[in-house]
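Worksheet for the structure shown next.
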């Protein structure tokens, strides 16, 4: 059974001592990539991919479907394309004086219209061309890794 909610102190302890496993959604349409501007640490104030943690007892495919519904407000309509596994290590987190280590599993997903988007994790959304994304100082470097020729930071 998956755990949706953890008490704050327990979650802080987990973040302090273990990596988190998450799914990052690379949303592409007509050659553009969709990013949200983060409102929380880590990566606060950067344009970043949409995504979320995989919950205990949740299969990866189920997490992709749940996160797509939450982050994009729509059901997944096509099979996601696996891009690789990446590591994101931050000096900060949602808690003061606590670092964060993520193991991110990247998937490219296709979407229809994006009408109503949540504001809990991102307060703005924007479509980027690949060139804009790769040259912008406002796009987090970890996002750029998804488009690097050396994609995936974990050896295969």
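The values are calculated or read from the model by the stated rules, or taken from the named source; none is laboratory data. Given the structure is predicted, the values throughout are model-derived calculations rather than measurements. Positions of Cβ are backbone-derived with ideal geometry, glycine not excepted, and every protein chain shown enters the neighbour counts.
Might you check whether a residue that is farther than 19 Å from residue 104 by Cβ, part of a loop (DSSP other than H, G, I, E, B) and without any contact (Cβ under 8 Å) to a residue 60 or more places away in the chain occurs anywhere in the stretch 16-30?
yes
Tally time: how many residues in the stretch 114-156 are assigned to a loop (DSSP other than H, G, I, E, B) and either in contact with a strand residue (DSSP E or B) (Cβ under 8 Å, 6 or more places away or on another chain) or at pLDDT 85 or above (or both)?
13
Please report, ordered by residue number, the strands (runs of 3 or more DSSP E) entirely within the stretch 32-100 with at least 3 residues that are under 26 Å from residue 17 (Cβ atoms) and in contact (Cβ under 8 Å) with a residue 24 or more places away in the chain.
The strands (runs of 3 or more DSSP E) meeting that bar are 50-53, 81-90.
Regarding residue 143, is this residue more than 18 Å from residue 54 (Cβ to Cβ), surrounded by 13 or more Cβ atoms within 10 Å (Cβ to Cβ) and in contact with a helix residue (DSSP H, G or I) (Cβ under 6 Å, 6 or more places away or on another chain)?
Spelling it out, it is not the case that residue 143 is more than 18 Å from residue 54 (Cβ to Cβ), surrounded by 13 or more Cβ atoms within 10 Å (Cβ to Cβ) and in contact with a helix residue (DSSP H, G or I) (Cβ under 6 Å, 6 or more places away or on another chain).
Determine, yes or no, whether residue 105 is out of contact with any helix residue (DSSP H, G or I) (no Cβ under 9 Å at 6 or more places or on another chain) and surrounded by 13 or more Cβ atoms within 10 Å (Cβ to Cβ). Show your work before the answer.
On the way: out of contact with any helix residue (DSSP H, G or I) (no Cβ under 9 Å at 6 or more places or on another chain): no; surrounded by 13 or more Cβ atoms within 10 Å (Cβ to Cβ): yes.
Answer is no for this residue.
Do you know which residues across the stretch 1-26 are touching a strand residue (DSSP E or B) at 6+ places or on another chain (Cβ under 7 Å) and either modelled with pLDDT of 95 or more or surrounded by fewer than 16 Cβ atoms within 10 Å (Cβ to Cβ) (or both)?
We begin by selecting, within the stretch 1-26, every residue touching a strand residue (DSSP E or B) at 6+ places or on another chain (Cβ under 7 Å); these are 15, 19-26.
19, 20, 21, 22, 23, 24, 25, 26, listed by residue number.
Keeping to the stretch 118-140, report how many residues are surrounded by 15 or more Cβ atoms within 10 Å (Cβ to Cβ) and farther than 15 Å from residue 40 by Cβ.
8
When residue 113 is evaluated against the numbered criteria (1) in contact with a helix residue (DSSP H, G or I) (Cβ under 9 Å, 6 or more places away or on another chain); (2) farther than 21 Å from residue 41 by Cβ, which criterion, by number, is the only one it fails?
(1)
Go through the stretch 59-98 and count every residue that is closer than 23 Å to residue 117 by Cβ, crowded, with 19+ Cβ neighbours inside 10 Å and in contact with a helix residue (DSSP H, G or I) (Cβ under 8 Å, 6 or more places away or on another chain).
Qualifying residue count, the stretch 59-98: 3.
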